[in-house]
Amino acid sequence: LTKETYPSTARNQAFARLSSDDIGEFKKILSDKNVLTDATDLEFFNEDWMRKYRGESKCVLKPQTTQQVSQILKYCNEKKIAVVPQGGNTGLVGGSVPVFDEVVLSLANMNKIRSFDNVSGIFKLDAGVILEIADQYLAEQGYIFPLDLGAKGSCHVGGNVACNAGGLRLLRYGSLHGSVLGLEVVLADGTIVDSMHSLRKDNTGYDTKQLFIGSEGTLGVITGVSILCPARPRFTNIAFLGLESYEAVQHCFTQAKNELGEILSAFEFMDEDSQDLARKFIKQTHPLEETYPFYVLIETSGSNKEHDDAKLETFLETSMENGIVSDGTVAQDEAQLKTLWYWREGVSEASTIGGGVYKYDVSIPLKDLYGLVEAARERLEEANLIGETDDFPVLRVLGYGHVGDGNLHLNVAVRRYTKEVEKCLEPFVYEWISEHHGSISAEHGLGFQKKNYIGYTKTENEIKLIKQLKNLYDPNGILNPYKYV
Ligand code: FAD
Ligand code: 2HG
Ligand code: ZN
């Protein structure tokens, strides 16, 4: 985004500007090498994954222990120094980077696995462990992390919990609000709240950890996570299907639930525009020879190969016979499994191919879900903003996502960011969602991008409660300011 298109916000002058004394204090708490002030070292931490939002932080702190996080926050709270907690910096709503000169508190050096109980499946780890590393550790023990997403190679489990990430297997393992059993959190004033429990059931009053799940760094810094992990399924199948209509996608979902039952572990969809950009980005032969208006990726996971294969075969035969599915392919080995997943997971990155992208991660009741993509496309066409040549700012409107969870990713791929495109899409998209009883954020959070739009989903009294909680836990407002609270 350029100055002209960056959302307008003013620096809060109540926050102190960082002095050399402050840097000296940070160096006393951490070792010199964990206090970054060199401009080149700061670049990664100041800019988000989409290279869309950029801050001007002069200092990144990389604590190695919870005690150090506590000392840093206590100091910053007393001095009124604003702080942005940061995990792997893969968030997609501009929440993980500073807006002005906030200090970045990176959890990257808090990356130790604390314990794993291979009877109960309860896993305790530092917040800065990379999701894929956590899952690889579990794989060796016959278990699986109950969350998977395209950014697994960089995102942190603490970052996942902080934005209540959903991902590719929520359909099977549910939300982090269910699987997280406990957290270790440091509050703005440095207080350490330890609830790293190993209990599935605990009804002793308010479940305070839930407040931090999805709080996006505005209420406290998560330093430890205790999470219940399921046994790793031994056999996985993937089917990649072509369908003629969104109606057929919905029928296909009903049929998959009925016929695949307990082995269904993912149900994802992509439209042809999203696959067309993926073709240009991936530069390999598409899994299906012909093009279709819609594609569905189905994953099954179970413990008995013959049983799972037979179920999938019956499902495919029936859905082709009754015309729900027009064409399809099934992965024959591990390599094909990964390739087929890539045609779905790769769409997020492919959407940036033109130069920029407006991303809307939304929940909408299933019957209306694709209607938003059609409405956005029509509106951009009417405004003469979309076309095949460089004269038009918009390249393509894509619809894909976790349709099994009612979660659509509407991506408007652009050649350049312009006020015209933004005005055409916002608040139109949010109004449309509100009218159709959806949520303006399904799984990515609100961050900086959606900070002015929370009212399209939450009621006035809900917002009041959020503000009251923020004032209680962080009265100086030092944690992740300028974002949604
Ligand atoms: P960051 O981006 O660093 O931070 C995200 C937010 O959490 C920020 O507000 C930050 O301040 C806060 N935060 C981070 N760590 C902490 C902490 N320890 N304590 C307190 N606050 C903290 N999301 C989904 O839900 N589903 C998907 O399928 C999905 N796929 C993705 C695919 C790609 C290719 C990419 C780039 C992103 C995807 N995302 C998805 C977005 C997503 O939210 C994340 O990738 C992930 O959950 C963020 O983790 P992170 O460690 O990178 O957090
Ligand atoms: C996905 O499901 C991610 O691929 C990213 O949540 C979606 O980039 C997006 O809009
Ligand atoms: Zn997603």
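The values are calculated or read from the model by the stated rules, or taken from the named source; none is laboratory data. As the structure is a prediction and not an experimental result, all values here were calculated from the model. All Cβ positions, glycine included, derive from the backbone under ideal geometry; neighbour counts span all protein chains shown.
When 315, 294, 267 are checked against the criterion of being within 16 Å of ligand 1 (Cβ to nearest atom) and modelled with pLDDT of 95 or more, 267 stands alone in meeting it.
So, in the range 123-141, of the ones that are farther than 30 Å from residue 15 by Cα and in contact (Cβ under 8 Å) with a residue 60 or more places away in the chain, which residue ends up surrounded by the fewest Cβ atoms within 10 Å (Cβ to Cβ)?
Checked the range 123-141; the qualifying residue surrounded by the fewest Cβ atoms within 10 Å (Cβ to Cβ) is 139.
Residues that are farther than 18 Å from residue 224 by Cβ and among the β-branched types (Val, Ile, Thr) were ranked within the range 117-149; the one that is nearest to ligand 2 (Cβ to nearest atom) is 144.
Apart from one condition, residue 306 fits all of (1) of a type in the set (D, E, K, R); (2) within 16 Å of ligand 2 (Cβ to nearest atom); (3) loosely packed, with under 12 Cβ neighbours inside 10 Å; the exception is (2). Note on the range 102-122: among residues that are within 21 Å of the chain's Cα centre (by Cα) and among the hydrophobic types (A, V, I, L, M, F, W, C), the one that is farthest from residue 13 (Cα to Cα) is 110.
Any idea which residue in the range 343-366 is surrounded by the fewest Cβ atoms within 10 Å (Cβ to Cβ), counting only those that are assigned to a helix (DSSP H, G or I) and out of contact with any helix residue (DSSP H, G or I) (no Cβ under 7 Å at 6 or more places or on another chain)?
So the first thing to find is which residues in the range 343-366 are assigned to a helix (DSSP H, G or I), and the list is 343-345, 347-350, 366.
Restricting the remaining residues to those that are out of contact with any helix residue (DSSP H, G or I) (no Cβ under 7 Å at 6 or more places or on another chain) gives 344-345, 348.
Details: 344: 26, 345: 20, 348: 23.
Across the range 343-366, the extreme among qualifying residues is 345.
Highlighted here would be strands (runs of 3 or more DSSP E) found entirely within the range 232-309 that include at least 1 residues which are basic (Lys, Arg), but there are none.
When each of 224, 220, 158 is tested for being under 18 Å from the mean Cα position of the chain (by Cα) and either in the same structural domain as residue 404 (by TED's automatic domain parsing) or not β-branched (Val, Ile, Thr) (or both), the lone residue that passes is 158. Taking the range 312-343 as the search range and keeping residues that are closer than 20 Å to residue 243 by Cα and among the charged types (D, E, K, R), which one is farthest from the chain's Cα centre (by Cα)? In this case the residue turns out to be 321. The residues of the range 167-226 that are away from ligand 2 (no atom under 16 Å from the Cβ), of a type in the set (D, E, K, R) and not in a loop (DSSP other than H, G, I, E, B), listed by number, are 184, 194, 209.
Being in a strand (DSSP E or B) and in contact (Cβ under 8 Å) with a residue 60 or more places away in the chain is the filter here; which residues of the range 396-420 pass it? 396, 397, 398, 399, 400, 401, 402, 407, 409, 411, 413, 414, listed by residue number.
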